[in-house]
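The values are calculated or read from the model by the stated rules, or taken from the named source; none is laboratory data. Treat the numbers as computed from the prediction; the structure is a model and nothing was measured. Positions of Cβ are backbone-derived with ideal geometry, glycine not excepted, and every protein chain shown enters the neighbour counts. When the accessible area is computed, the model is the full protein with side chains, heavy atoms only, and any ligands, DNA or RNA have been set aside. Shrake-Rupley method; radii C 1.70, N 1.55, O 1.52, S 1.80 Å.
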Amino acid sequence: MKVAELTKSLVYGAAPEAAKPALDWIAEHNGRFQLFINNEWKNPSGKEWFDSTNPATGRKLGSIAQATSTDVNAAVKAARKAYPSWSATPGHIRARYLYAIARQIQKHARLFAVLETIDNGKPIRETRDIDIPLVARHFYYHAGWAQLMDKELPDHQAIGVVAQIIPWNFPLLMLSWKIAPAIAMGNTVVLKPAEFTSLTALLFAEICASVGLPPGVVNIITGDGRTGGAMVDHPDVDKIAFTGSTDVGRIIRKATAGTHKKLSLELGGKSPFMVFDDADLDSAVEGVVDAIWFNQGQVCCAGSRLLVQEGVADKMVKKLRARMEKLRVGDPLDKAVDIGAIVAPVQLKQIQALVKLGADEGATMWQPSWAAECAKREGCFYPPTLFTNVAPASTIAQVEIFGPVLAAMTFRTPEEAVKLANNSRYGLAASIWSEDINLALDLATQVKAGTVWINSTNQFDAASGFGGYRESGFGREGGREGLFEYIKRKPAKEVKAPVSKGVSSQKAATSRASAGVSLSMAPAIDRTAKMFIGGKQARPDGGLSINVYGPAVGKSRNLIGEVGAGNRKDIRNAVEAARAAAAGWAKATAHNRAQVIYFLAENLAARTDEFARRITQQTGFSANAAHAEVDAAIEQLFTAAAWADKYDGRIHGVPQRNVTLAVPEPMGTVAILMPDDYPLLALAALAAPAFAMGNALVIVPSPAHPLSATDLYQVLETSDVPHGTINIVTGNRDELAKTLSEHDDIDSIWYAGPTPGQAAVQKASAANMKRTFVMDASGALPNLDDVLREATQVKNIWVPYGA
Ligand code: NAI
Ligand code: MG
């Protein structure tokens, strides 16, 4: 026999990693794991325990405590107690703790990797080479931010007690994504791992204790969705960070609506993997393996939709099938295994059901010749599966399967590819394969996703933000952008107000009080202002008007005008106009956007007296204060214009041979329900930055003082504002807010109003997971940095280099 023939007949021998260290660790605990609260191990108050099993064998690994709401309360109390001193601990000291944790994880890397593999079912190759190294990296990286916080984020402080709920697909990695930034910034934490995979979190708890982390800074409690629900509902929690299913994300969005709780959600995905004619197909095939068979496809950003250009589709599918034949499914502890076990029987059933549905709906299902072996194994195994002839609207093209199942579709042109890619409610990630870097980068800007990998896939690093567009959730984890999920602005006295000159809030308020209400200046009632939709003045659909009054004089109020009472139809028209204009405005150059806003400022300045009179008439401000407000508004327009081409992204220093571009992109269509104070200045301070960042707007002026906005129509008409990019609908704020927050074509809603109104907006926004930015109807306007951040979302584009 020749050597070449010999190699063909060689079969893989087993190369198992020993489970012993992990089993010994479990045995040391007598197979029973309590709750880690205040650096002590506590029994669950409800005396309920559940099993954690090894999905590759179906065998029980240990008993895990089911935390009750009483236990959640104890953990939150411990975190609250630890908070004042932890948040006041110098950044350098916090950095040392994070560093110590990172070192410990590295020292026990093998134990962590094996434990993760037997509890979750993922291959040892992945836990050893990817999960655990990234966990350590996350703590090192955030040790750096703890060190730099004072200098780099001087206006910010920790938020308080953070509740964190994580899924089972990357148990320890998700823990590190949550805990590292939280404690680096001075928060204290109550974290709950997913019920299928609690063990590495409990080993992590031991490490926290061993490095002497002060009691209460990190509390780890175990349990199922009931425990998670109790964490979400706990009144003394300041922030909730969740990763998991979109359904549960929605529940949490609704439950926290209108509370003070800050929220970040990292939800599902249906990420496109786009292959162009000129791609290096062999690399692309390896990319697919990584995109959909990494972690058995149980990856939120899995490249689960393969979009291939028609000319290479057959070739690609052929290569892919050949590669799938060679994949190895089996014992996750075997170092030569590519695909391990599915996390649990319930997940396996879901995959089977969706695959059946895919076939029933008419797609062509293909599995390797050895696929039947998977079902014969004890434990939960599923073969790599490829669907072709998939209709873009079919279930398997739209729904997150969370298993090793790929749905392939074809396209002809790059435009069609973008349309297909964006034909999803999700927007977590995308992968683009082409040797033409111009094309790839062009598409990267058009795909709606928080992360775009060019000629690569599933690249992660602590230095790069990760998170979704659309229904994939909001907030970023990692990178400088991720820190903002765990900090808040220091109280106003310590930072500059957005109004830099002319009118400070106190000054304006005093002048209003002392104005003596100079109503003599008020002109007679003239006309009913219309709406401003699609660049045209439009009559209110309902044909109703609302009276607008000046400030109270004793018991009476002076009628100063009328505005249209907008209804659902007006909002629909305005949103439609904004949606139609959004893409063009987002693509306008930053220079162009700045020009339009400078022009607006110029035209407003030409009418200073008129606008000042209007402010006085509505608010009772003195002429001086009103002029100062107009001046301040003009200055704000200049500021917004200035930022249009200066709100730069970053290049993250990830360790891969890669340029990782963190690019701020517009949200799309933003609805802004204006506050009452400073009717003109508020428009300039909120709407202008949103506009400058490339968003199309639907503005609902303050119902108390709407006339400064309706007077703007003529200014807008003469300032080259593209039709539809700024729409104004007057009317009842809460009524219009309801329609806007339920509207699927609004990407972000900013609402100034009372707490119940804020709650209603946040609750309704859960339907399409739109971003919300809520504030009071009066008082200081938000800080410009915050406004700019709310007006944008960061996309991380990974561009590899090297031959
Ligand atoms: P899940 O969303 O129910 O679980 C995630 C975490 O939330 C777990 O810790 C769970 O205990 C907790 N949880 C469940 N109900 C809760 C509630 N009402 N309030 C607070 N916390 C709650 O996800 P599950 O059931 O494990 O998986 C179901 C599907 O979700 C998967 O098939 C997959 O499609 C998707 N999924 C997506 C993930 C992602 O990273 N995008 C991660 C895990 C699951
Ligand atoms: Mg398990």
Exercise for the section: Please state which one of 395, 385, 410 is under 23 Å from residue 433 (Cα atoms), within 16 Å of ligand 1 (Cβ to nearest atom), touching a helix residue (DSSP H, G or I) at 6+ places or on another chain (Cβ under 8 Å) and of a type in the set (Ser, Thr, Tyr). Expected result: 385
Practice task
Taking residue 162 as the residue in question, decide whether it is in a strand (DSSP E or B) and either over 22 Å from residue 476 (Cβ atoms) or not acidic (Asp, Glu) (or both).
Solution key: yes
Practice task
Please work out if residue 574 is open to solvent by less than 40 Å² (accessible area, probe 1.4 Å), touching a Ser or Thr at 6+ places or on another chain (Cβ under 9 Å) and on the phi < 0 side of the Ramachandran plot.
Solution key: no
Handout entry: All positions within the stretch 121-169 that are within 16 Å of ligand 2 (Cβ to nearest atom), out of contact with any strand residue (DSSP E or B) (no Cβ under 8 Å at 6 or more places or on another chain) and farther than 20 Å from residue 17 by Cα
Key = 168, 169
Exercise for the section: Starting from the stretch 484-501, take each residue that is more than 23 Å from residue 630 (Cα to Cα) and modelled with pLDDT of 95 or more and list its partners that are of a type in the set (Val, Ile, Thr) and open to solvent by less than 80 Å² (accessible area, probe 1.4 Å), counting only C-beta distances under 6 angstrom and pairs at least six apart or across chains. Expected result: 488/159
Problem - Residue satisfying condition, being in contact (Cβ under 8 Å) with a residue 60 or more places away in the chain, open to solvent by 10 Å² or more (accessible area, probe 1.4 Å), of a type in the set (S, T, N, Q) and outside any loop (DSSP other than H, G, I, E, B), within set 616, 639, 660 - result: 639
Problem - Hey, residue 481 under 13 Å from the mean Cα position of the chain (by Cα) and on the phi < 0 side of the Ramachandran plot or not - result: yes
Practice task
Within the stretch 176-207, track down each residue that is within 19 Å of residue 78 (Cβ to Cβ), polar (S, T, N, Q) and not in a loop (DSSP other than H, G, I, E, B).
Solution key: 188
Practice task
Check the stretch 103-112 and report whether any residue there is in contact with a Pro (Cβ under 7 Å, 6 or more places away or on another chain) and either more than 30 Å from residue 250 (Cα to Cα) or open to solvent by less than 10 Å² (accessible area, probe 1.4 Å) (or both).
Solution key: yes
Practice task
State whether one or more residues within the stretch 672-684 are free of Cβ contacts under 8 Å to residues at least 60 places away in the same chain and β-branched (Val, Ile, Thr).
Solution key: no
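Each row is one residue, and each column tells you yes or no for (1) of a type in the set (Gly, Ala, Ser); (2) more than 30 Å from residue 376 (Cβ to Cβ).
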residue	(1), (2)
22	yes, no
28	no, yes
41	no, yes
61	no, no
74	yes, yes
77	no, yes
84	no, yes
96	no, yes
114	no, no
Fill in the blank from the handout: Per the filter on the stretch 220-231, residues open to solvent by 10 Å² or more (accessible area, probe 1.4 Å) and aliphatic (A, V, I, L, M) are 230
Exercise for the section: Kindly indicate whether any position in the stretch 185-204 is over 23 Å from the mean Cα position of the chain (by Cα) and more than 18 Å from residue 120 (Cβ to Cβ). Expected result: no
Practice task
Could you tell me whether the stretch 344-360 includes any residue that is more than 16 Å from ligand 1 (Cβ to nearest atom), more than 25 Å from residue 116 (Cα to Cα) and among the hydrophobic types (A, V, I, L, M, F, W, C)?
Solution key: yes
Handout entry: Breaking point among (1) more than 16 Å from ligand 1 (Cβ to nearest atom); (2) at positive phi, for residue 95
Key = (2)
Exercise for the section: Output the qualifying pairs, or none if there are none: Cβ atoms under 9 angstrom, residues six or more apart or on different chains, first residue in the stretch 211-226 and at pLDDT 95 or above and among the β-branched types (Val, Ile, Thr), second residue within 16 Å of ligand 2 (Cβ to nearest atom) and open to solvent by 30 Å² or more (accessible area, probe 1.4 Å). Expected result: 222/50; 222/195
Fill in the blank from the handout: Residue pairs within 8 Å by beta carbon, gap of at least six or interchain, first lying in the stretch 726-748 and at positive phi, second open to solvent by 10 Å² or more (accessible area, probe 1.4 Å), listed first then second, are 731/540; 731/546; 731/565; 731/567; 731/703
Fill in the blank from the handout: Within the stretch 360-376, the residues that are assigned to a helix (DSSP H, G or I) and over 19 Å from residue 292 (Cα atoms) are 360, 372, 373, 375, 376
Exercise for the section: Check whether at least one residue in the stretch 343-355 is of a type in the set (D, E, K, R), more than 16 Å from ligand 2 (Cβ to nearest atom) and part of a helix (DSSP H, G or I), and report yes or no. Expected result: yes
Fill in the blank from the handout: Scanning the stretch 384-404 residue by residue, the ones that are outside any helix (DSSP H, G or I) and open to solvent by 10 Å² or more (accessible area, probe 1.4 Å) total 10
Problem - Sole residue being surrounded by fewer than 22 Cβ atoms within 10 Å (Cβ to Cβ) and away from ligand 1 (no atom under 11 Å from the Cβ), chosen from 237, 217, 211, 190 - result: 211
Exercise for the section: Quick one: in the stretch 750-796, of everything that is open to solvent by 10 Å² or more (accessible area, probe 1.4 Å) and of a type in the set (Val, Ile, Thr), which residue is nearest to residue 654 (Cα to Cα)? Expected result: 794
Exercise for the section: Taking the residues in the stretch 44-53 that are open to solvent by less than 60 Å² (accessible area, probe 1.4 Å) and within 10 Å of ligand 2 (Cβ to nearest atom) as candidates, determine which candidate is farthest from residue 342 (Cα to Cα). Expected result: 52
Handout entry: Filtered residue count, the stretch 54-70, keeping only those that are out of contact with any strand residue (DSSP E or B) (no Cβ under 6 Å at 6 or more places or on another chain) and either away from ligand 1 (no atom under 16 Å from the Cβ) or open to solvent by less than 10 Å² (accessible area, probe 1.4 Å) (or both)
Key = 6
Problem - First in the stretch 283-309 and among the hydroxyl-bearing types (Ser, Thr, Tyr), second anywhere and assigned to a helix (DSSP H, G or I), Cβ under 8 Å, 6 or more apart - result: 304/291; 304/292; 304/297
